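The values are calculated or read from the model by the stated rules, or taken from the named source; none is laboratory data. The structure presented is a predicted model; accordingly, all values stated were derived computationally and were not measured. Because the Cβ atoms are built from the backbone with ideal geometry, glycine has one as well, and the counts that use them run over all protein chains shown. Heads up: the accessible areas ignore ligands, DNA and RNA and are worked out on the full protein's heavy atoms, side chains in. Shrake-Rupley method; radii C 1.70, N 1.55, O 1.52, S 1.80 Å.
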Amino acid sequence: MEKTVERYNSLALLQGLCLFLGVGAIVAFPFSLAWVGLERSVLWAEGVCCLLVMTLPTLFRREYDVFEPISFIMLSTVFGVTLRAIYMALYENATITQELLLYKHPGAMIGGGALILIALLFLTAGYMLNLPVVRVERYPLLGNRPWITWRLFLVIGFYTVVALVAMYFYFKTMGLKEFVLSTISTKHFYTISESQGYKKTVLGYYRWAASLIIPAFYLLLCWFAGTSRRWISPMGFLVVLTCMLAAVFPIMNSSRHDVVIIIVIAMVLWHYVRGEVKVRTILLTATMIILLLVVMLALRARASGWSEVAGYLTGETILDKTVGNRNYLGIDKAGQIVNAIPDKLPYEFGSTLVTWVVAPVPRTSWPDKPIILAGATIGQLVYETKDPSGSGAGVPPGFIPELYWNCGVPGTIVGVFLLGGWLKFLYRSFEPYIRTNKAALVIYVTTMTSFSFYLMGGTLSGAIIQTLTQTIPLFAAVWFIRAAPASRNQDREPVPAQG
């Protein structure tokens, strides 16, 4: 009953949002024409319509699970498209002019907004399909077997030790000898000296080993949520401690997306194991995430003390730091990339979509390895934030602009339609089992969030790498900690003795 009530509440919230956006946009647009002009009005209207498209399917639903994959695409759309479009249309400041618009007029981003709007229409259409599903429990590693507790804690301990050792060697190789506020939340690179110049690497294998604490946290949280233990207990303290350790490495590397994903996945795991998470809990958590991101940005800006960090916690600064950036699925990034093709940015014809294949080869062994994440190229050629040596910030294009960069409008439409169908297939295949099968749950959640939340604001290769680096340790752990299946002889009914 509680699950049904929460699903009805989630559905009512989205239906109300859909109604509010539609009516509000119609009423506000004529006033906006007189206030900010036609181009700025069209820009924010595109942003609102993008979110409206994402909420339209709820009008035909009887209930809605707040943690369906489409919800995470809505989240990226809210911050990167809707709020950012409104921010760019209604305000003028240095962040908008220099960071988002690159000294162009807001009207130059209208093409990017149109591309995203069309793509989200087809993504939503793909998500509304009811494709055939598979019974995931028939696969051995996803079977519903109990976990052996001592083996579980052995895996958690092993992953934690490996992660801490990897963090030590990672920061030692990077040359980071002390931890102060000026070095926390800063991008770190290792320079490879070559006769032809210098190239940088992020030491991917160290980072992967250091990230093993994250699946350890997910496993521990799933086990804890399935027990009757309270948060105020030794085990509750251990879960919180493991969560903090899991967030340390992303914070030290200014990987804000990774920190957000850890928190979001933790909430989703709790939602499916312990019980439906209430909407007000989600809103409270979203507020905490925003505050955490602002603090990380303050540290990245080299705030020298906590008093300077506190100066960032104002209403205007929070809006600027959460919306006025190049993260998420961005209407500004789409506009810049559309305008840069093909003069500054030649069509890639699918090459950036398959770079994940060569990702396992260390750059220290292959200095001329192709760029794995397309954000480096976008940062260098479009935003001019990154030089050929690897210095500077990359700008992840987002899945929709990346598809357009590779395949034009037809490829974008096909790609997002397939993504929508894939996410719906994933949800419908796993949904019957995720509340009772912890193995299926952890694999589903890590895969789903990578392809819905991370992918929309990042790149396809990045999403695939993110999925593999998380699911491979989880599959290995599940294989080790699951109990052996009952023997066939035990499952058979006894045969009556013959007289």
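Here the peptides 323-336, 43-56, 222-235 are ranked by packing, the mean other Cβ count within 10 Å, and the order with the highest first is 323-336, 43-56, 222-235. Residue by residue, segment 83-96 carries 3J(HN,Hα) couplings of 5, 5, 5, 5, 4, 6, 7, 9, 10, 9, 7, 5, 4, 5 Hz when phi is fed to the Karplus relation 6.51 cos²θ - 1.76 cosθ + 1.60 (θ = phi - 60°); x denotes Gly or Pro.
In segment 1-159, the portion of solvent-accessible area held by carbon and sulfur atoms comes to 70 percent [1.4 Å probe, whole percent, DNA, RNA and ligands not counted].
Taken per residue, the accessible surface of segment 10-95 reaches 44 Å², heavy atoms only and a 1.4 Å probe.
In plain terms, the chain from residue 165 to residue 475 could stretch by 109.4 nm, reckoned as 0.36 nm per residue minus the Cα-Cα distance. Checking the cross-link pairs 333/369; 321/424; 333/438; 172/438 against a 30 Å limit on the alpha carbon distance flags 321/424; 333/438; 172/438 as lying beyond it. When peptides 110-119, 209-218, 136-145, 368-377 are sorted by average Cβ neighbour count within 10 Å, with the highest value leading, the order is 209-218, 110-119, 368-377, 136-145.
Calculate what fraction, in whole %, of the accessible area of segment 369-480 sits on carbon and sulfur atoms when a 1.4 Å probe is rolled over the protein chains. Within segment 369-480, the accessible surface is 71 percent carbon and sulfur. Probing with 1.4 Å while keeping every protein chain in the model, the per residue accessible area of segment 318-459 equals 35 Å².
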